[in-house]
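Throughout, read-outs are computed from the coordinates displayed, never taken from laboratory work. Just so you know, these numbers come straight off a predicted model, no measurement behind them. Neighbour counts run over all protein chains shown; Cβ positions are idealised from the backbone, glycine included.
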Amino acid sequence: MRINTNLLFGLGIACTVAACGGDSATVTGSDNSPTLSEFSLSDASDAGSASLLNYSMPGVDGTSRRENAVVVLPAGETPEGGWPVIGWGHGTTGVADACAPSASENLSGYAEYLNAWLAAGYAIVAPDYEGLGTEGGHPFLHLDSEGRSINYAVEAAVNAMPELSSRYAVLGHSQGGHAVLGAASLTDENPDVTMVAAVALAPASQILAQGVVVDSIYTDTTLTDQERVAAAVSDLGFTALIAHAVKTVIPTYDLDAAYGADGADLQQLTETTCLPQLRESLAVSVPPVLLTSNSIDTFITDDTATNDDVITYFESVEPGDRAMGVPLLIAQGLTDTTVFASSSSTLLAQLSAVSDTDIDPTLTTYEGIDHGSILPASFNDAVAFIATQFANQP
């Protein structure tokens with residue numbers, strides 16, 4: 001088993017304190033003085049204004065980092081008490097700086113979806129995540145890093161913009177759903193704001209377990225070449241992102257050793273391009289190797305997942321042992337082949353076992369809905385859930 005074979009390209013819709021972070025956010029040299037500048041936003045007709053926020057957060061190395069987020073206010077008069085806030089977690093875009101959502105006018109394809117939340121009366125705070133578009137690497141799927149990216153961005157935005165309420169919900173899709181779980185488990189670190197609800201849309205979880213299921217696809221010669229190649233492309237892309245993240249968090253990790261003779265271009269593309277280009281390249285380079293040798297080990301070695309540094313990193317990834325500090329809704333499509341419905345069912349059981357009985361998580365499933373269509377399919381339920389939690393927690 002490599003690492004995982006199916007989480008890569010569905011995690012986002014853009015292309016559709018030691019090693020691994022600790023339990024606390026001890027920071028040296030912290031300065032959370034936010035700055036704001038204008039941001040050009042497209043595909044959001046209900047936006048009144050959009051700003052680029054530069055803010056501080058604790059990095060995975062324990063030092064304070066400056067990161068970016070986009071803050072969007074709805075059109076119209078600011079309500080009494082300020083606009084309620086949605087802290088948004090985006091799906092996977094890649095690990096290169098160019099892949100930061102703030103580098104695109106439509107927030108890596110999510111602006112239209114977020115516009116519906118503006119129309120519903122919520123301001124949006126949308127961080128890029130640690131290391132995207134800023135100095136250093138992006139610790140892909142690092143639970144604390146993702147969660148803090150959202151929570152500290154919201155706190156900084158509230159401190160910088162009097163139009164915002166100090167009360168917020170967190171909402172995210174795929175990798176962003178995973179980020180929501182991190183944020184909701186770290187509710188005590190940001191005293192200037194109060195989280196009231198969390199909604200995770202098809203959140204990444206059970207990653208290694210999914211890998212066991214899907215890893216056999218590309219070697220199954222009874223399947224079509226198209227099915228096998230698609231699985232191999234996803235496997236390699238996801239593993240490359242994780243390998244990059246491990247190197248970011250554990251500098252002694254031997255990243256070069258993970259790549260084989262056919263992997264040099266993959267390593268370079270992972271570090272410099274975003275998912276569309278990475279996918280396109282793999283779709284060309286994988287078939288002649290896989291369909292001839294029935295293997296992709298010459299791209300990334302099969303024993304990558306058993307490397308001690310990789311195993312250590314995965315301790316920072318799975319969210320199932322984290323108690324949520326607020327009510328949580330998980331929304332999951334039953335035909336999702338990226339994040340399996342069974343993964344979210346397992347996640348629900350895990351979170352329920354560690355939760356406070358007053359805030360048990362809930363799971364809503366959707367027939368005929370896949371990874372991308374979960375956003376519109378779950379919208380009304382997500383709006384109702386978040387509105388209820390705002391009303392219940394004045």
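Place a point 7 Å from Cα of residue 295 in the direction of its Cβ. Which residues in the stretch 253-275 have their backbone N less than 18 Å from it? Flagged as within label range: 257-264.
Taking the Cα centre of the chain as origin and assigning +1 to Lys and Arg Cβ atoms and -1 to Asp and Glu Cβ atoms, the resulting dipole is close to 340 debye. Between the beta carbons of residue 381 and residue 315, assuming R0 = 25 Å, the FRET efficiency works out to 0.15 to the nearest 0.05.
Ordering 303, 297 from the fewest to the most neighbouring beta carbons within 10 Å gives 303, 297.
Extension gain, residue 222 to residue 254, is 7.9 nm, computed as 0.36 nm per intervening residue step minus the present C-alpha separation. Between the entries (i) 56; (ii) 62; (iii) 48, the label attached to percent of Cα pairs over 26 Å apart calculated for this structure is (iii). Listed by Cβ neighbour count within 10 Å, with the fewest neighbours leading, 315, 77, 105 appear as 77, 315, 105.
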